[in-house]
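Accompanying notes for the structure given below.
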Amino acid sequence: MLNNKYLGIIIIIAILIIGFNIWYLILPPEYNTENGEIEITANQPLLGEENAILYMEDGFIPKTLKIKLGTTVTFKNNSLKSLWIASDNHPTHALYPATDGCIASAFDSCKSIKQGEIWSFKFDVAGNWGYHNHMNHNDGGTIIVE
Ligand SMILES: [Cu+2]
């Protein structure tokens, strides 16, 4: 009888070990951390992308980006808020002079960019082009096109 009791404990421990390994293996890679902290990959910058601007909870990073004429800039929403990239000034959106956009300027995403999504725009006019999040127009930045 004593042997059956130990056998039961050994089986329970074996099930726990196997169960933990299955749980660990099926989790997405970003949760397999060694220090117990969860890495939120959505908040990491666009690695390797030179002309990328991230929208975070407290605004755009970097606030000012200097690029050469003809460069495409990618905006990524890394916040929980809605993002609508629009040329300054709010609400007329007419600063960037290409005018085939939905409100005025072509430099306008014309829709909300959801969390984790990106939107890109090619700058074909030199100048200092201020922009803002049309959904939260106190958040803004500047693209300097040389
Ligand atoms: Cu606006």
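Using Cα-Cα distances under 8 Å and only pairs 6 or more residues apart, what relative contact order does the stretch 42-145 have, in percent? Intermediate results must be reported in sequence, preceding the final value.
On the way: 242 pairs, mean separation 32.3, N = 104.
Answer for the stretch 42-145 is 31 percent.
Taking every DSSP beta bridge with both residues inside the stretch 42-145, roughly what % is antiparallel (nearest 5)? Could the numbers behind the result be given before it?
On the way: 20 of 28 bridges.
Percentage antiparallel, nearest 5: 70.
Sorting Val73, Val145, Val125 by the number of Cβ atoms found within 10 Å of their own Cβ, with the fewest placed first, yields Val125, Val145, Val73.
With 18 Å as the limit, write out which pairs from Lys66/Lys114; Lys66/Lys111; Lys81/Lys111; Lys68/Lys122 have Cα-Cα distances beyond it, or answer none. Can you show the working numbers first?
Numbers: Lys66/Lys114 25 Å; Lys66/Lys111 25 Å; Lys81/Lys111 13 Å; Lys68/Lys122 10 Å.
Too far apart for the 18 Å limit: Lys66/Lys114; Lys66/Lys111.
Each value in this text was obtained by applying a stated rule to the coordinates, not by laboratory testing. Because the structure is a prediction, the values reported are computed rather than measured. Glycine also receives a Cβ, built like all others from the backbone with ideal geometry; neighbour counts cover every protein chain displayed.
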